[in-house]
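First comes the structure, then the notes that go with it.
Quick note: the coordinates plus some simple rules give every number you see, no bench work behind them. The model shown is predicted, which means the values in this text are computed figures rather than measured ones. Here the Cβ positions follow ideal geometry from the backbone for every residue, glycine too, while neighbour counts run over all protein chains shown.
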């Protein structure tokens, strides 16, 4: 019984240490964009919530308002919109990335896109209301918000560049060059959707590269 209590106490301690380490990673990420005041760090650590989700969890459905911004501790997430009956993937996010539906989050209007986990995922998140309060309390954090938003628009531009390449093999080569770590994690049908081709074309392209 004493050993079990000690083991549970050690497990709680290790869990707390892992959580603290990821908090430090988030702060390091944000500090790399703009140095945070210690009061801002303390405030953010107090409001961050933790969530674990299985794969295929919808964090946001089309038509819902995006009310949270997420930091990915572990896992993989995609966003997509519907073109007729077909899903069109627009981005993939992994460990260390920040996730939100930009247009919906900042306007608080219904989202055109759906956000879904592709793997078991652990997240930290804050609400739009909490973020707006932080902007008011710590004006320097506005700069961080702007830089993170710009990242989304750069990713959208990157996808447009890939789609302008005339051949599927060129688009896949572009994806391999810029997102090689995702090739083994993202199902082929989603990569094909992202690249504007069919899964059959993607399979042929992959087989020719082997």
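Brief remarks on what is shown
- Three-way shape call for region 97-210 based on the alpha-carbon gyration tensor, with the a/c threshold at 1.5: prolate
- On the basis of the beta-carbon distance and an R0 of 30 Å, residue 88 and residue 28 show a calculated FRET efficiency of 0.35.
- Cα-based shape type of region 2-164, given that a ≥ b ≥ c are square roots of the gyration tensor eigenvalues and the cut on a/c is 1.5: oblate
- Neighbour-count ranking [beta-carbon atoms within 10 angstrom, fewest first] of 153, 125, 106: 153, 106, 125
- For the chain, adding -39500 (n - 2.57) for each run of n ≥ 4 DSSP H residues and dividing by the number of residues yields -17000 deg cm²/dmol at 222 nm.
- Reported value for region 61-142: 93 Å³ per residue, from the convex hull of its C-alpha atoms.
- Rounded if a/c under 1.5, otherwise prolate or oblate - region 165-210, Cα gyration tensor axes: rounded
- For region 133-187 versus region 32-103, the gap between their alpha-carbon centres in whole angstrom: 13
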